[in-house]
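*Asks:* What follows is a single structure, and I will ask about it in a moment.
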Amino acid sequence: MIPALQPIYNNLKGIYNNQEFKIVEEAFLFAEFKHQGQKRKSGEDYVLHPLRVAIEVSKLKLDVNSLVSALLHDILEDTDTTSEELKNKFGEEVMFLVESLSHLTRLKRKANYKNKTIYRVENLRNLILSSAKDVRVILIKIIDRLDNMKAIWALSPEKQVENAEETLEIFAPICRRLGFNFLGQQLEEMSFPYVYPKDFAEIKNRVSNYYYEIEKYLDEARDELAKFLEQKRLHYSEIQFRKKTFFSIYKKYKKEGDFNKIYDMIALRVIVNSVPECYTALGLVHQLWLPLPGRLKDYISLPKVNGYQAIHTTVLTNNNQIVEVQIVTKDMYQNNEYGMASHWLYNLSKDTKSYTKRQNVSGLKILYKSLKNIDFQNTNSSDLYNLLVKDLLSEQIFVVTPKGDVIDLKVGSTPIDFAYKIHTSIGNNCKMAKVNHQLVSLNHILQSSDIVEIITDRKQKPNKKWLEFAKMAETKEKIRKELQKK
Ligand code: MN
């Protein structure tokens with residue numbers, strides 16, 4: 001037993017066996033040894049950072065290799081440890097995961113975020129997504145970012161803004177896209193004050209008071225509802241408060257332009273055990289409190305595009321407060337917070353009985369129309385990852401210029417496509433190409449996250465062969481134009 005690992009023992013008791021806990025201990029001691037003497041910007045010992053990341057990962061009940069990789073995620077980047085060493089000590093999968101994590105770190109350092117345009121931000125996001133290759137890599141990366149955000153106070157004001165912008169524009173949307181809403185929300189909330197300080201101050205000012213005042217009423221309303229449901233013999237599982245985060249309010253405010261139109265700043269969330277019970281609960285809520293017309297939304301029959309499922313209604317409670325009531329099953333709640341990942345997370349903790357039965361994927365089926373009938377129980381994490389970013393991986397790749405600009409190309413593209421995409425004159429004068437610092441032929445097929453450099457020569461002119469090398473129609477078009485000039 002290592003005292004520092006106590007939270008991990010607690011979170012994974014009954015899920016990991018002794019052998020697996022031993023590996024975790026070994027990884028922790030290895031990380032401690034390798035990071036010895038290193039300090040974080042905040043002044044603490046370096047190893048405390050990977051330890052906290054691993055503790056968060058253990059809450060998600062991921063497999064042992066994920067946990068080990070979380071403990072070792074900075075080891076290739078920041079210590080003298082080699083991949084070979086990792087492989088010998090912890091096996092090939094851990095080596096792959098940690099290498100992918102370092103690869104992302106390096107890419108991100110390369111990719112030039114500063115002179116961003118919206119177009120480039122989107123590409124940078126896609127570059128990260130398409131380079132991760134395994135959903136565990138993204139999850140660990142996001143939790144790493146979450147921990148870094150907690151220590152953002154230790155950075156210079158300039159770095160604070162830069163990191164917060166990157167978090168808000170790159171990492172939070174990645175979370176949303178993959179359905180890790182619980183993580184996306186935390187990232188947004190932590191970045192908001194740094195990226196939009198004035199808006200944050202205004203929202204906080206307006207909302208904090210309101211939250212403070214309404215809490216008392218809401219407590220009463222919750223008790224009233226609980227009693228009523230019990231009286232009518234509806235065995236709900238839980239009634240929660242849901243406060244809208246400052247950043248979500250900000251987004252809604254931007255959309256509505258009026259605070260008074262945001263009816264769902266506070267909601268009561270009733271969690272029940274089955275779909276029929278959702279509708280029973282809805283009937284009872286409307287029996288107890290007056291529903292506001294036009295506010296009933298049935299996202300169970302018609303899930304939102306992102307797969308979200310619940311029934312929403314807005315009511316006037318008996319103490320004259322307007323409150324939104326959300327009704328969900330436990331499964332829907334899990335899906336809404338954890339998205340697709342929840343299927344896979346459940347899968348890993350199959351020892352616990354309650355995790356084995358997964359039926360409610362209807363919302364997800366609508367979301368991923370093309371992926372009907374995925375066998376979640378038998379889908380491994382890298383396959384699932386491919387499914388999640390399928391649309392992205394099947395058509396586009398994302399490569400990086402030596403300056404760090406991220407360029408999107410069609411799958412199968414060559415340096416010729418790349419050169420013309422940068423600028424027609426670079427295409428026309430393209431003589432040689434380097435991929436990841438190695439010379440390659442002009443018909444070399446590029447892969448996502450390649451670093452591509454074009455060597456030009458004014459004497460060089462396009463020739464007919466290039467039409468065969470080019471993958472993209474727009475490239476061919478440009479080459480033809482130039483050939484006609486001659
Ligand atoms: Mn880290």
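Every residue, every condition in (1) open to solvent by less than 50 Å² (accessible area, probe 1.4 Å); (2) in contact with a strand residue (DSSP E or B) (Cβ under 9 Å, 6 or more places away or on another chain), yes or no:
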site: ALA172; (1), (2): yes, no
site: GLU188; (1), (2): yes, no
site: PRO197; (1), (2): no, no
site: TYR210; (1), (2): no, yes
site: TYR217; (1), (2): no, yes
site: LYS227; (1), (2): no, no
site: ILE249; (1), (2): yes, no
site: ARG269; (1), (2): yes, yes
site: VAL272; (1), (2): yes, yes
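*Asks:* While we're here: Please specify each residue of the range 48-72 satisfying the condition of being assigned to a loop (DSSP other than H, G, I, E, B) and away from the ligand (no atom under 11 Å from the Cβ).
*Replies:* Within the range 48-72, LEU60, LYS61, LEU62, ASP63 qualify.
*Asks:* Separate question: I'd like the full set of residues that are more than 20 Å from LEU129 (Cα to Cα), open to solvent by 60 Å² or more (accessible area, probe 1.4 Å) and among the polar types (S, T, N, Q), limited to the range 408-441.
*Replies:* GLN438, SER441
*Asks:* Check the range 203-219 and report whether any residue there is part of a loop (DSSP other than H, G, I, E, B), not aliphatic (A, V, I, L, M) and not assigned by TED's automatic domain parsing to the domain that holds ILE311.
*Replies:* no
*Asks:* Do you know which of the residues in the range 29-47 that are open to solvent by less than 40 Å² (accessible area, probe 1.4 Å) and not in a loop (DSSP other than H, G, I, E, B) is farthest from the ligand (Cβ to nearest atom)?
*Replies:* PHE30
*Asks:* Within the range 453-468, how many residues are open to solvent by less than 70 Å² (accessible area, probe 1.4 Å) and more than 36 Å from the chain's Cα centre (by Cα)?
*Replies:* 7
*Asks:* Somewhere in the range 98-111, is a residue within 30 Å of ASN436 (Cα to Cα), in a helix (DSSP H, G or I) and free of Cβ contacts under 8 Å to residues at least 12 places away in the same chain?
*Replies:* Yes, the conditions are met somewhere in the range 98-111.
*Asks:* Still on this structure, I have one more. Kindly indicate whether LEU155 is touching a Cys at 6+ places or on another chain (Cβ under 9 Å), open to solvent by less than 60 Å² (accessible area, probe 1.4 Å), touching a residue at least 40 places away in the same chain (Cβ under 8 Å) and not assigned by TED's automatic domain parsing to the domain that holds SER248.
*Replies:* no
*Asks:* Tell me which helices (runs of 4 or more DSSP H) are completely within the range 123-178 and hold 2 or more residues being away from the ligand (no atom under 15 Å from the Cβ), in contact with a Lys or Arg (Cβ under 7 Å, 6 or more places away or on another chain) and under 16 Å from MET190 (Cβ atoms), or say none if there are none.
*Replies:* Ranges flagged: 172-178.
*Asks:* On the basis of being open to solvent by 60 Å² or more (accessible area, probe 1.4 Å), within 16 Å of the ligand (Cβ to nearest atom) and over 19 Å from the mean Cα position of the chain (by Cα), does LYS22 make the cut?
*Replies:* Considered against the rule, which asks whether it is open to solvent by 60 Å² or more (accessible area, probe 1.4 Å), within 16 Å of the ligand (Cβ to nearest atom) and over 19 Å from the mean Cα position of the chain (by Cα), LYS22 comes out as no.
*Asks:* Regarding the range 321-338, can at least one residue be identified that is open to solvent by 10 Å² or more (accessible area, probe 1.4 Å), part of a loop (DSSP other than H, G, I, E, B) and assigned by TED's automatic domain parsing to the domain that holds ASP219?
*Replies:* Yes - at least one qualifying residue is present in the range 321-338.
*Asks:* Okay, next question. What single numbered condition from (1) over 24 Å from TYR9 (Cβ atoms); (2) surrounded by 20 or more Cβ atoms within 10 Å (Cβ to Cβ); (3) at pLDDT 90 or above fails to hold for GLU99?
*Replies:* Looking at each condition in turn, GLU99 falls short on (2).
Rundown of residues vs (1) among the charged types (D, E, K, R); (2) within 30 Å of LEU60 (Cβ to Cβ); (3) assigned to a helix (DSSP H, G or I); (4) in the same structural domain as LEU168 (by TED's automatic domain parsing), yes/no style:
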| residue | (1), (2), (3), (4) |
| --- | --- |
| LYS254 | yes, no, yes, no |
| ASP264 | yes, yes, no, no |
| ARG269 | yes, yes, no, no |
| VAL285 | no, no, yes, no |
| GLY294 | no, no, no, no |
| SER301 | no, no, no, no |
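The values are calculated or read from the model by the stated rules, or taken from the named source; none is laboratory data. Quick caveat, the model's predicted, so the values are computed rather than measured. Positions of Cβ are generated from backbone atoms using ideal geometry, with glycine treated the same way; all protein chains shown enter the neighbour counts. Note: areas computed on protein heavy atoms with side chains; ligands, DNA, RNA excluded. Shrake-Rupley method; radii C 1.70, N 1.55, O 1.52, S 1.80 Å.
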